[in-house]
Structures are given as C-alpha cells and as structure tokens.
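Remarks on the structure that follows.
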Amino acid sequence: MSDAVTGRCLCGGVRFSVAGPVSGIVICHCAMCRRAAGGAYGAFFVARRADVTWTGETGLTQFESSPGLVRSFCARCGSAATGANLVEPDDTIILAANMLDAATDLPIIAVEYTGDKTPWAEHEKSAPHFKGAFPGWAELKP
C-alpha cells in the first residue's frame, strides 16, 4: 500500500498515520470488543509500531481489559484507538478500525467470536436502510 493509512477519534484530538503495510480488518463479536467499541462488534487491524505516527497521543488513556492486555481510548471523546495490545509491547500494534478515515478501504479478512454475536445485530440486514440520517428520529418513542 503506497498511501498512508490514517485515522482519528471522534473529537479529532488523537490521530494516527501508518506509513507502512497494514493487515486487513478483523471483526470481533466478543462482549469485551463490543463494549470497547460501543457497537455490534469491534473492528481492528495490525500495523508495525515503528510505522505508526501519533498526533495527540497524550490524549489517550489506557485500560487493562484482560491480564497483560491493554486497550487505548481517547480520554476526551471515548473513541477506541487500539485493540488489546500486550502490556509489554511487541513490534506490532492493534489499531481500532473505527478510527479509520472514510477514504481508507481495507478488506475484512476475518470475523471472530460469531457465537457471541448480539441478537439485535442479526436484524440489520432486514431493517430499512437510509443513505442519510434515519428520518424517524423525532417521532421515535419507546
């Protein structure tokens, strides 16, 4: 890949650029990744640490989600920035695909923990789809 892969958190305070090769995206349906990503699944890819340049990295906070594994989030907006990386890092880093800029087109190479998929995620394909916002927000009541 010749162009850098870039991404940013929701508030834009934390950004990354990867100047080297990256893996495809792995989607994870486990409860821990769903909670960390705030959605139906977590989506992650791998890069070499030496190829990643951060801007605003001091805005990241870390959480040890499992013994020996740490995830990073933007302390301001809560966007997941990394997946479960080793506390004692190796030469790779797991980055959260939710931060990718829209122009990035990485393939999904695997979907894991499908047995943990939340039941409501199964209904996405049958629900109405809109290119913009859902027009029924104003009338949506429980």
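A short reminder: the numbers here are calculations on the coordinates, not readings from a lab. Keep in mind that this is a model prediction, so the values were computed, not measured. So basically every Cβ, Gly included, is an ideal-geometry build from the backbone, and we count neighbours across all protein chains shown.
With θ taken as phi - 60° and the Karplus curve 6.51 cos²θ - 1.76 cosθ + 1.60 applied, the whole-hertz 3J(HN,Hα) list for segment 37-53 is 8, x, x, 6, 6, x, 9, 9, 9, 10, 9, 7, 3, 5, 8, 9, 10 Hz, x standing for glycine and proline.
Counted by Cβ distance under 13 Å from residue 60, the other residues give a net charge of +3, where Lys and Arg count +1 and Asp and Glu count -1.
For residue 3, neighbours were defined as the other residues whose beta-carbon sits under 12 Å from its Cβ, and their charges (Lys and Arg +1, Asp and Glu -1) total -2.
Please check which bits of segment 4-39 a label hung off residue 117 would reach, taking the label as a point 7 Å along Cα-to-C-beta and the cut-off as backbone N under 12 Å. Residues 28-30 fall inside that zone. Taking amide H positions as modeled 1.01 Å from N, with prolines and chain starts lacking one, the residues under 5 Å from residue 92 and 5 or more places away or on another chain are 49. Here the Kirkwood formula, the inverse mean of 1/r across different C-alpha pairs, assigns the chain a hydrodynamic radius of 16.3 Å. Under the classification rounded if a/c is under 1.5, otherwise prolate if a/b is larger than b/c and oblate if not, where does segment 43-85 fall, given a ≥ b ≥ c as square roots of the Cα gyration tensor eigenvalues? The shape class here is oblate. 3J(HN,Hα) couplings calculated from phi for segment 89-100 with the Karplus curve 6.51 cos²θ - 1.76 cosθ + 1.60 (θ = phi - 60°) are, in sequence order, x, 9, 7, 10, 9, 8, 9, 7, 5, 5, 8, 4 Hz; Gly and Pro show x. Here the spin labels are modelled as points 7 Å beyond Cα on the Cα-Cβ line, and at residue 141 and residue 63 they lie 3.4 nm apart. Taking Lys and Arg as +1 and Asp and Glu as -1, the other residues whose beta-carbon sits under 15 Å from that of residue 75 total +3.
Select from segment 92-142 those trypsin sites (Lys or Arg not before Pro) which occupy a DSSP coil region and have at most 14 other Cβ atoms within 10 Å, ordered by residue number.
Numbers: sites: 117, 125, 131; in loops: 117, 125, 131.
Those that pass, being in a loop and sparsely packed, are 125, 131.
From the Cα gyration tensor of segment 102-142, with a ≥ b ≥ c the square roots of its eigenvalues, which class applies: rounded if a/c is under 1.5, or else prolate if a/b is larger than b/c, or else oblate? The shape class here is oblate.
Here the 3J(HN,Hα) profile of segment 121-138, calculated from phi with Karplus coefficients 6.51, -1.76 and 1.60 at θ = phi - 60°, is 5, 5, 8, 4, 5, 8, 7, x, 10, 10, 5, x, 5, 5, x, x, 4, 5 Hz, Gly and Pro shown as x. A cut-off of 5 Å between modelled amide H atoms, ignoring neighbours fewer than 5 places along the same chain, links residue 69 with 87.
For segment 95-142 versus segment 3-69, the inter-centroid distance based on Cα atoms is 18 Å.
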